[in-house]
Amino acid sequence: MEPYLKLVEKIDKLSGWSGKAVSYLVYPLVGGVAYEVLARYLFHAPTEWAYDVTYMLYGSVFMLGAAYTLLNKGHIRTDMFYGKWSPQKQGKIDAILYLFLFFPGMILYFWAGLDYAVHSWVTNEKAGNSPWMPIIYPFKTVIPITAAMLLIQGISEFLKSVYAWKRGEWK
């Protein structure tokens with residue numbers, strides 16, 4: 001087996017594992033929403049914390065699941081022409097787009113997100129739109145982690161594209 005195929009396999013396992021692990025955040029998300037609904041409508045006692053917890057959990061699930069979604073070809077793609085092309089042409093176009101659009105975009109996203117998260121940690125940032133005012137820096141840290149995971153999965157997808165370009169299809 002070619003060495004880069006082992007790398008692709010390891011990256012894909014990492015993205016698969018992380019996507020499944022992150023999916024468990026849905027349970028406290030649903031629990032928080034259910035608790036808020038019951039407290040608000042049954043007991044007329046809305047919480048101060050449920051909105052903040054649910055948007056942070058939902059945002060984390062959405063963002064941290066992006067690499068898993070990329071692994072499983074779940075991101076939006078315009079297939080008007082793409083589906084009619086040969087696997088070699090698809091691989092060539094994908095490889096070029098990963099190289100010139102995806103990687104530069106994700107690198108910028110990583111650096112901007114890292115700066116955003118570091119500033120939040122340094123200033124001990126709290127959510128200002130809530131009476132509860134929870135800390136928000138762990139939530140902002142999700143941004144550079146997401147970018148890093150997408151970059152790593154992007155390497156796998158790029159290698160698969162090059163393989164398809166040269167060999168006609170991926171394994």
Selected from ASP115, ASP79, ASP52 as most flexible by GNM, with the chain as the system and alpha-carbon contacts under 10 Å: ASP79
Furthest towards positive pole of dipole, GLY31, PHE81, GLY19, structure part segment 3-167, Cβ charges: PHE81
Across LYS73/LYS160; LYS10/LYS160; LYS6/LYS89; LYS20/LYS89; LYS20/LYS160; LYS13/LYS73, pairs whose alpha-carbon gap is larger than 20 Å: LYS6/LYS89; LYS20/LYS89; LYS20/LYS160
Lys, Arg +1 and Asp, Glu -1 on Cβ, resulting dipole of segment 3-167 about Cα centre, debye, nearest 20: 880 debye
Approximate spin-label separation ILE135-ARG167, in nm, with each point projected 7 Å along Cα-to-Cβ: 4.7 nm
Rel. contact order, % - alpha carbon contacts under 8 angstrom, at least six apart, segment 3-167: 33 percent
Per-selection Rg to Rh, segment 124-171 - Cα, Kirkwood hydrodynamic radius: 1.42
Estimated inter-spin distance, VAL122 and PHE103, nm [label 7 Å along Cα→Cβ]: 3.0 nm
Debye log10 I(q)/I(0) for the chain, one point scatterer per Cα, at q = 0.19 Å⁻¹: -1.21
Gain on full stretching of the segment that runs from TYR4 to GLU48 - 0.36 nm per residue minus C-alpha separation: 10.8 nm
Cβ-derived FRET efficiency at R0 30 Å, LYS13 paired with ILE96, nearest 0.05: 0.70
Measure of compaction for segment 6-81 (Cα Rg per 2.2 N^0.38 Å): 1.52
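Here, each number is a calculation from the coordinates, and none is a lab measurement. Fair warning: this is a prediction, and the values are worked out from it, not measured in the lab. A quick note on method: Cβ atoms are made from the backbone with ideal geometry, for glycine too, and the neighbour counts reach across all protein chains shown.
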